[in-house]
Amino acid sequence: MKRRPGLLPCGLCSRVLIVSEPGADGVFRHVEALVGYLIKRGIEVDLAYSNVRDGPELYALVQRVESHCGKTLNLQTGNRPCARDGLALVELWRLALERQPEVIHAHSSKAGVLARSLRFFGIQCPIFYTPHAYFGMGNHRKSVRLFSLIERVFSRLGITIQTSKTEALFGHERIGVPKNRQVIIPNGVDCDAFQPATILRRREVRRRMNIPENAVVLGSVARYSLQKDPLTLHAAVRELLARHESIWFVHVGKGELWNDVDALGPPMPRVVRLPSFHPMSDFYQALDCFVLASRYEGLSLAVLEALATGLPLILSRVPGNWDLDFFALNGVHWTEAGNVADLARTIDDWIGIARMATNHREVALDHFQQNSCFDRIVEEYQKSLHPHRSRREELAFRP
């Protein structure tokens, strides 16, 4: 296969194998954007993915990779250890042997284990791993010990790209990732796609959702999972809707706790639950405020998208979210994770100042531009191909 001329500077990484287990939600959307960026840079991309947790955009991404002469592989594995993992590893090894990538970049814990296991099968190219939040950061179940042990076993293989300072500290102190094998690169957001809404645009999107134009609309983008804690979120919203007739709530996401939220009570007419929404940039333009009640985060892409849209934020004070304190945001309202009463009170407090302007878009433009963040990832790829160049070891965001 011939490379397209004129797109790559001399010596730049020219073929990357991306490995990602989720085929939907925030991790997938980060991977989707990164793949698109690499292709535009003229870098050949192969993709190993899984259709166990999928969405329609996954198959569009597979088609895009293949249309640019990339090879794709369906690992058919989930986010928990399963019998299929051994076969998935063998298939991934064969793909790496066939394609000879210069760099492998894995996203999420399952992909991280599979990709880094290739070291034991003789694959010597640089391997990067982005966990997008460690399972143990805000979770105290017994299974955390197993996942943390697995992460610790692989912690010295490859370079770990951490999306936030708190994630990096957890990785070093609790998982044992050496500081010289960590680099912090925050998730990036497409600030051209995610912009504040005009009055006409907000009206149009709300009409699509069957929401009144003059409603006060809270929204969330989060899986129905233990990490995202939809039970606390929906319980608090139910309390609020009983007191405020103008409040509507829209939740985009799906997952294993969907029926648990159903069990909280009968459907409420001002709660809109959508498994997906397209395009996501339109969704944020319908909102007056974005809320996320997670137990932990890496650095939430959904929060960054809301930030770029200029929305006020109601966030649980947990690892990953804490990092936003660094940027002096003027429209963040904090709540205690897992506390229904405190979340309801925090939303009540926001309602009292609902129309105040924020500096959130300016911060997104200054610190979280997608292409700038992806530029830094490619810089790390390049450094790994030139080991004589020193790697920075400080855990800090670049100004």
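The values are calculated or read from the model by the stated rules, or taken from the named source; none is laboratory data. Nothing here was measured: the structure is a model prediction, and the numbers come from that model. FYI the Cβ positions are ideal-geometry reconstructions off the backbone, even for glycines, and counts take in every protein chain you see. Surface accessibility is based on the protein's heavy atoms, side chains included, excluding ligands, DNA and RNA. Shrake-Rupley method; radii C 1.70, N 1.55, O 1.52, S 1.80 Å.
Observations
- Rounded tilt (10° steps) of 56-67 against the dominant C-alpha axis of the chain: 30 degrees
- Simple label model, 7 Å out from Cα along Cβ direction - Glu173 to Gln124, nm: 3.8 nm
- Normalised contact order of the chain, rounded percent, pairs of Cα under 8 Å and 6 or more residues apart: 16 percent
- Segment Cys69..Phe326, full-extension length gain: 88.3 nm, with 0.36 nm per residue of separation and the alpha-carbon distance subtracted.
- For segment 170-312, the fraction of 1.4 Å probe accessible surface lying on carbon and sulfur atoms is 50 percent.
- Relative contact order for segment 21-160, counting Cα pairs under 8 Å that sit 6 or more residues apart, in percent: 20 percent
- Listed candidates [x] 55; [y] 29; [z] 23 - label of the one calculated as percent of Cα pairs over 36 Å apart: [z]
- Lysine pair count for the chain [Cα-Cα under 21 Å; pairs on different chains or 8 or more apart]: 13
- Distance between segment 317-371 and segment 153-175 - C-alpha centres, whole angstrom: 25 Å
- Spacing of the two label points (7 Å from each Cα toward its C-beta) at Leu385 and Asp349, in nm: 5.0 nm
- Residue order by solvent-accessible surface for Glu362, Glu32 is Glu362, Glu32, largest first, with ligands and nucleic acids left out and a 1.4 Å probe.
- Surface analysis of the chain yields an accessible area of 43 Å² per residue, using protein heavy atoms and a 1.4 Å probe.
- FRET efficiency, 1/(1 + (r/R0)^6) with R0 25 Å, evaluated for Leu264 and Arg84 via beta carbons: 0.15
- Here the contact order of segment 154-221, divided by its residue count and restricted to Cα pairs under 8 Å and six or more residues apart, works out to 27 percent.
- Residues of segment 294-325 with amide N under 20 Å of a point placed 7 Å along Cα→Cβ from Asn339: 294-297, 313-325
- Of the residues Leu12, Phe121, Tyr49, the one whose Cα sits farthest toward the positive end of the charge dipole of the chain, with +1 on the Cβ of Lys and Arg and -1 on the Cβ of Asp and Glu, is Phe121.
- For segment 273-291 and segment 214-249, distance of Cα centres in Å: 13 Å
- Nearest-ten-degree value, helix 230-243 long axis tilted from longest Cα axis of the chain: 20 degrees
- For segment 153-192, the set of trypsin sites (Lys or Arg not before Pro) satisfying both a DSSP loop assignment and a count of at most 15 other C-beta atoms within 10 Å is given as Arg156.
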